[in-house]
Amino acid sequence: STQHYKKDSFGVGANVMVAKTNTLDLRFMHVGGYRTIKLYGEGVSVSSVRIESNGPEYLAGRTDVVIGSDDKPAVSFIESSSNSKSVELVCDTPVALGATAADAVEFWFVLPPGTLTQGFTVTVTDVNGNEFTKSTSKVIKVKSGVKKSMSALEVEIKS
């Protein structure tokens, strides 16, 4: 449920992988999908960004991964008290946001494949502990190995 931000460390290859084989030739496949959020805000330094499901779906926890009938990884959550509806991206070193959408900083999340039936909420926490929250109720589909980006979002911290 916690991921760490490191500039330029993410890309489509940074993911949990599984392998399938019927021979000695392993075929690796992405388990999770990617959601990127671009943030900007005058004078804002970020210490963390959190995505939380607005519905009943888990985003982290104990899972079972199997290769489905479509030959792709399928993830299901095993009932556990460690399951979480949120994933937090922690910035070990604060990240200064650009002042305009053109200078937005991109934050990558790896999420389990599935559908967020009631959308999600993004919470940005600055270095002073102030929070900015934005929510969408749109149905969000996460597919293994697929990157989806949101439009740049202006972070306005009111202290």
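The values are calculated or read from the model by the stated rules, or taken from the named source; none is laboratory data. For clarity, every value in this text was computed on a predicted model and none was experimentally measured. Neighbour counts are summed over all protein chains in view; Cβ atoms, including those assigned to glycine, are modelled from backbone coordinates with ideal geometry. Only protein heavy atoms, including side chains, enter the accessible area calculation; ligands, DNA and RNA are left aside. Shrake-Rupley method; radii C 1.70, N 1.55, O 1.52, S 1.80 Å.
Hey, could you check region 50-73 for residues that are in contact with a Ser or Thr (Cβ under 7 Å, 6 or more places away or on another chain), more than 19 Å from residue 120 (Cβ to Cβ) and assigned to a loop (DSSP other than H, G, I, E, B) and say which is modelled with the highest pLDDT? Checked region 50-73; the qualifying residue modelled with the highest pLDDT is 62. Within region 124-153, the residues that satisfy the criterion of being within 18 Å of the chain's Cα centre (by Cα) and part of a loop (DSSP other than H, G, I, E, B) are 137, 138, 139, 143, 144, 145, 146, 150, 151, 152.
Just one of (1) open to solvent by 50 Å² or more (accessible area, probe 1.4 Å); (2) assigned to a strand (DSSP E or B); (3) not small (Gly, Ala, Ser) fails for residue 156. It is (2). Only one of (1) closer than 18 Å to residue 147 by Cβ; (2) open to solvent by 20 Å² or more (accessible area, probe 1.4 Å); (3) not small (Gly, Ala, Ser) is not met by residue 125, so which one is it? So residue 125 meets the others, but not (1). I'd like the residue in region 74-113 that is open to solvent by less than 40 Å² (accessible area, probe 1.4 Å) and part of a loop (DSSP other than H, G, I, E, B) and, out of all such residues, is farthest from residue 143 (Cα to Cα). Of everything passing the filter in region 74-113, 97 is farthest from residue 143 (Cα to Cα). Here 138, 143, 148, 134 are screened, and the one residue that is charged (D, E, K, R) and either buried (at least 17 other Cβ atoms within 10 Å of the Cβ) or under 23 Å from residue 62 (Cβ atoms) (or both) is 143. Could you please let me know if residue 65 is open to solvent by less than 50 Å² (accessible area, probe 1.4 Å) and either farther than 19 Å from residue 154 by Cα or among the β-branched types (Val, Ile, Thr) (or both)? Judged against the criteria, residue 65 is not a match. Scanning region 29-49 for residues that are over 14 Å from the mean Cα position of the chain (by Cα), in a strand (DSSP E or B) and farther than 14 Å from residue 153 by Cα turns up 29, 30, 45, 47.
Scanning region 96-131 for residues that are touching a residue at least 60 places away in the same chain (Cβ under 8 Å) and of a type in the set (Val, Ile, Thr) yields 100, 105, 110, 117, 121, 122, 123, 124, 125, 127.
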